[in-house]
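S.K.: Would you mind keeping the following structure in view while I ask a few things?
The values are calculated or read from the model by the stated rules, or taken from the named source; none is laboratory data. Everything numeric in this text was worked out from a predicted model, so none of it was measured. Cβ placement follows ideal geometry from the backbone for every residue including glycine, while neighbour counts extend to all protein chains displayed. With ligands, DNA and RNA removed, areas are computed over all heavy atoms of the protein, side chains included. Shrake-Rupley method; radii C 1.70, N 1.55, O 1.52, S 1.80 Å.
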Amino acid sequence: RATMKSLRFISAEAFVSNAEFARKSLSGVAHNLFPLLFKASYLLEQGELIHDLVENWPLVDLNMGKLLGTTADYQEDLSHRTCSVCLESCLTGLRDYVLNHPSSYMKRLKVVDLTGIKDVEIQFCECKKTMGRWARTQLLSKLCLELLIYLQQTQCNPGTFEISIDVLIDLFVTERNYELVVQALLKKCYCPLKICCAAFRADNLALQKFFFIIKLIDPSLLRKLEIVHNVRLEMEHLEILFNSIHFPLLMSLTLPARTFDVRRFTATDEWMLTNIGEKMGEMTQLTELSVSFSILTGRIQKLLSPLKTPLKMLDVSNCSLNHADMAYLASSFHSNHLEALDLSGHNIPDLYPSAFLKLLSHSSSVLGSLTLEDCNIQDAHINMLILGLSPCQKLQEFKFLGNPLSSQALRHLFTFLCELPMLKNVEFPVPRDCYPIGITYPIDDASLCRFDHQKYRSVAEELNVILLQAKRGDVKASTPIFGSYDAAVQETNNELGAYLINSFKETLEKFSTSLNKMS
């Protein structure tokens, strides 16, 4: 569907479409037209013009989310276009803003906000080359260091050193860009472009390096912290982190798999968990928590009850929760505020169906996203599931991959899902009857793709017809067999793959050494 454009925006498009003429004419453009021209240039991917607009930016702030988001002149949101040409032009233009003026008295820019850029799976830009969060972290750090070297080696206008621009960014650091980012952060006080970290993601990073860099990013300003995958953070390390660093503005916390494992808890560990819960309770802004793939059996209350602010997002997938955990969640003050909930990897129908229904009932007025992957939901449980989902009238996203449901049960469920007015996205499993007889759940990775693809396509088409007949063509239904798209994992999968191969190689070498010693 075409988005309406104002006459102003149509005129701006016409102006920027002749990039050479537009670049020569910028000095005569009214300051209040720069945002309009920026969005038009971004839409048409006029990289050189974007560079010049930023280099000559006449306003106090440059907020990418606001500039590219819905505006009165053009309502389409372009903030999900992580176009490499446009973003690189924007950042190099920022560097040249500092350098390329004989005098700084006209310079008003104080804040550049890059946090509104959204990384999505499908890109609509012409160049089809994206610049993800990791690459943006890399480029900004590189430009800051280049800028410092240039200022040291060149006779610059003294006013250049008085320029100070806060650049808000969501940093993404791995082993591969760690040294570069650390150097940029260490020299931040000397650089006119000040990296200000609003959200920080660490992956594939040695623990010692994580502890070093987390202190450099000014944790007092951090709003989101993601420690994921190949950062070997365990409970004792988390306690050290929370005891040594305060995160007063932290709103969202993601911890890596196996941070907690109650199977090997001692009395000291129990005390440590209590201390961690109390430290999280001091984070009065914390409303999002992900502790997936930790073993937390019987300890959810100990971890969550000290929190003073109700959680809006909770991911406890594959945490081996027991009945007491689910009963606590259903009765806690968090349950009335949960907008996103992930309970994947738990045998809900057999272990705690009534507590689950109670939890859904309490969260139904606000729940927007529900994930129940690999929960052993079978055909016999469909009516229970429909009963639980019926009051969830604000549900926008429902993911239930990996459940042993037949095509008939899926048709029944989809007929109901059409009645949820705000639903936009459904991820459903390959029907059980598409797999060979005798398949066991959860299905291992090697068997995931061994199903009757033609039969699956036929069922998927039927489900789509159910949506269309109910006039719900706005609902996207899909089966991402290996899980939902993750922009950060996608961007760094080569590095992570190499890390996993090396880890496997080291394990084999240790095993071989042990065998030799035994011999």
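S.K.: Ordering C196, C375 by accessible area with a probe of 1.4 Å, largest first, what comes out?
M.R.: These residues rank, largest area first, as C196, C375.
S.K.: Please identify every one of the GluC sites (Glu not before Pro) in the stretch 369-450 that sits in a loop by DSSP and has no more than 14 other beta carbons within 10 Å of its own beta carbon.
M.R.: E419
S.K.: Using only Cα atoms, tell me the angle between helix 407-417 and the longest principal axis of the chain; keep it within 0 to 90° and round to the nearest 10.
M.R.: Between the helix axis and the principal axis of the chain, the angle is about 60 degrees.
S.K.: Please report the antiparallel percentage of the DSSP beta bridges confined to the chain, to the nearest 5. Display every interim value, and only then the final one.
M.R.: On the way: 2 of 47 bridges.
Taking every DSSP beta bridge within the chain, about 5 percent pair in antiparallel fashion.
S.K.: While we're on this one: Specify the longest stretch of the chain that does not include any exposed loop site, a site being one of the chymotrypsin sites (Phe, Trp or Tyr not before Pro) with a non-H, G, I, E, B DSSP assignment and at most 13 other Cβ atoms within 10 Å.
M.R.: Between exposed loop sites, the widest span is 125-481.
S.K.: Please tell me the relative contact order of the stretch 1-141 in percent, rounded to the nearest whole number, where contacts are Cα pairs under 8 Å and at least six residues apart.
M.R.: RCO, the stretch 1-141: 28 percent.
S.K.: With the Cα gyration tensor of the stretch 181-273 in hand, convert its eigenvalues to equivalent ellipsoid semi-axes via √(5λ) and list them largest first in whole Å. Numbers along the way, then the final one.
M.R.: On the way: eigenvalues 154, 35, 26 Å².
Equivalent ellipsoid of the stretch 181-273: 28, 13, 11 Å, largest first.
S.K.: Right, another one. Taking the Cα centre as origin and putting +1 on Lys and Arg beta-carbons and -1 on Asp and Glu beta-carbons, what dipole magnitude results for the stretch 7-131, to the nearest 20 debye?
M.R.: My answer is approximately 340 debye.
S.K.: Then there is this: State, to one decimal in nm, how far the label point of T479 lies from the label point of Q152, with both points 7 Å from Cα in the Cβ direction.
M.R.: 5.8 nm
S.K.: Pairwise over distinct Cα atoms, reciprocal of the mean inverse distance: report the Kirkwood radius of the stretch 7-131 in Å, one decimal place.
M.R.: Evaluated over the stretch 7-131, this radius sits at 14.6 Å.
S.K.: Roughly how many nanometres apart are two label points built 7 Å out from the Cα toward the Cβ at F211 and R258?
M.R.: Roughly 2.0 nm, to one decimal.
S.K.: Keeping every protein chain in place, order H346, H381 by accessible area at 1.4 Å, biggest value first, i.e. largest first.
M.R.: Final ranking, largest accessible area leading: H381, H346.
S.K.: What value, in deg cm²/dmol to 500, does the helix sum -39500 (n - 2.57) over DSSP H runs of n ≥ 4 give at 222 nm once divided by the residues of the chain?
M.R.: Values: 20 runs with 219 residues, N = 519.
Value at 222 nm, helices only, nearest 500: -13000 deg cm²/dmol.
S.K.: Could you do me a favour and compute the accessible area per residue for the chain, 1.4 Å probe, result in Å²?
M.R.: For the chain, the solvent-accessible area averages 47 Å² per residue.
S.K.: I would also like to ask the following. Given the C-alpha centroids of the stretch 324-382 and the stretch 27-43, what is the distance between them in whole angstrom?
M.R.: Computed from Cα coordinates, the inter-centre distance equals 49 Å.
S.K.: On the protein heavy atoms, probe 1.4 angstrom, tell me the percent of accessible surface of the stretch 7-131 carried by carbon and sulfur.
M.R.: 54 percent
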